[in-house]
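The values are calculated or read from the model by the stated rules, or taken from the named source; none is laboratory data. Everything quoted here is computed from the prediction, not taken from an experiment. Here the Cβ is made from the backbone with ideal geometry for all residues, glycine too, and neighbour counts use every protein chain on show. The protein model used for the area step is the full one, side chains on, heavy atoms only, and it has no ligands, DNA or RNA in it. Shrake-Rupley method; radii C 1.70, N 1.55, O 1.52, S 1.80 Å.
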Amino acid sequence: MPDQNTDPADDPMGTEVHSAFATPTPNLASMESEQLIEKEQLGADGPELEIGPEREKARSLWQDAWRDLRGNWIFWVSSLVILFLLVVAIAPGLFTSTSPLACNLSNSLQGGSSAHPFGTDNQGCDIYSRTIHGARASITVGVFATLGSVVVGAVLGGLAGFFGGWWDAILSRITDIFFGIPLLLGAMVFLTAINSHSVWIVVAFLVILGWPQIARIARGSVITAKQQDYVTAARALGAGNSRLMLRHILPNAVAPIIVVGTIALGSYISLEATLSFLGVGLAPPTVSWGIDLSNAVQVFRNAPNTLFYPAAALSITVLAFIMLGDAVREALDPKLR
């Protein structure tokens, strides 16, 4: 048994036991002074020491989406192209002073010149002027057909997904019927039966045939959002149906609708040109890229410029809206980040 008066320095085992089980008391003053000294040493040559971690503020879905879009060059290129096309459609007089209906058969199928930069078509009309003015009809049909489809589809699909029951069953059967009708074939049949070729008639039929797709997407988004915990908590706190729908469900279910609507806009512009090309869409004196393409087919071999310029304008417009839709989809879908 070791002597109690033995010096710890003379007992190695006792020293080991003491060092293993003893809890040293930290000297806070010395630790703070060491941090200050180290910070002063690194201040001139290195980064400052952070005393505490900085907490990043939580961002909403739309803030995250805008942050991603700002760094996406596809978004900026497509947005600039669409902005330019909207200016052309609203104010074509800024780009040409020639009337698209001022045609002279003596100037038929001429090549490019100072008076006619893109040449003339088989009727002697200025192709450049018709290409500029044709943007108004095509973009008008695409924009208003998309807005109508989104509004009708989002309202009907959102109500069906929120309330369910017989309303959901009826809407599902109606959308199944519309999905069985090909969009192009249905538009051809309806427009031929009406025998009207105005812009708003074409828009109306595109809305009638296009809303079921938006309705089905809205229904699924609302059902998904309705099952989240924050909606259950808001309902438990006494929130009514209108408040739940407008304040909690709709802001979190609208992202897929915006994505599909943006991509569908380019499809509607292409569909309008197809219907006009086939002779059942817009008709003269309305100026449309589809009408110009239909007229250019007859003289394409001798004058390819009559087909190239309206086709290029149509392709650039459709591509810009599809690129914008893809950029928005990548920004709003967390799985693609």
Just checking, does region 304-319 include any residue being closer than 23 Å to residue 197 by Cβ, within 29 Å of the chain's Cα centre (by Cα) and not in a helix (DSSP H, G or I)?
no
Determine if region 311-318 includes at least one residue that is crowded, with 22+ Cβ neighbours inside 10 Å and modelled with pLDDT of 85 or more.
yes
Output the number of the condition that residue 169 fails; it satisfies all remaining conditions of (1) farther than 20 Å from residue 85 by Cβ; (2) buried (at least 19 other Cβ atoms within 10 Å of the Cβ).
(2)
Scan (1) farther than 21 Å from residue 188 by Cβ; (2) open to solvent by 50 Å² or more (accessible area, probe 1.4 Å); (3) in contact with a Ser or Thr (Cβ under 7 Å, 6 or more places away or on another chain) for the single condition residue 302 breaks and write down its number.
(3)
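For every residue, the table says whether it meets (1) aromatic (Phe, Trp, Tyr); (2) under 15 Å from the mean Cα position of the chain (by Cα); (3) modelled with pLDDT under 80; (4) in a helix (DSSP H, G or I).
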residue: 59; (1), (2), (3), (4): no, no, yes, no
residue: 77; (1), (2), (3), (4): no, yes, no, yes
residue: 82; (1), (2), (3), (4): no, yes, no, yes
residue: 96; (1), (2), (3), (4): no, no, no, no
residue: 99; (1), (2), (3), (4): no, no, no, no
residue: 118; (1), (2), (3), (4): yes, no, no, no
Could you figure out which of (1) in contact (Cβ under 8 Å) with a residue 60 or more places away in the chain; (2) touching a helix residue (DSSP H, G or I) at 6+ places or on another chain (Cβ under 6 Å) isn't true of residue 188?
(2)
Which helices (runs of 4 or more DSSP H) does region 174-263 wholly contain that include 3 or more residues that are among the acidic types (Asp, Glu) and buried (at least 19 other Cβ atoms within 10 Å of the Cβ)?
none
Has region 137-159 got at least one residue that is part of a loop (DSSP other than H, G, I, E, B) and over 30 Å from residue 250 (Cα atoms)?
no
Residue by residue through region 271-296, note down the ones that are open to solvent by 10 Å² or more (accessible area, probe 1.4 Å) and assigned to a loop (DSSP other than H, G, I, E, B).
278, 279, 280, 283, 284, 285, 286, 287
Residue 103 fails exactly one of (1) without any contact (Cβ under 8 Å) to a residue 60 or more places away in the chain; (2) part of a loop (DSSP other than H, G, I, E, B); (3) open to solvent by 70 Å² or more (accessible area, probe 1.4 Å); (4) not acidic (Asp, Glu), namely (3)
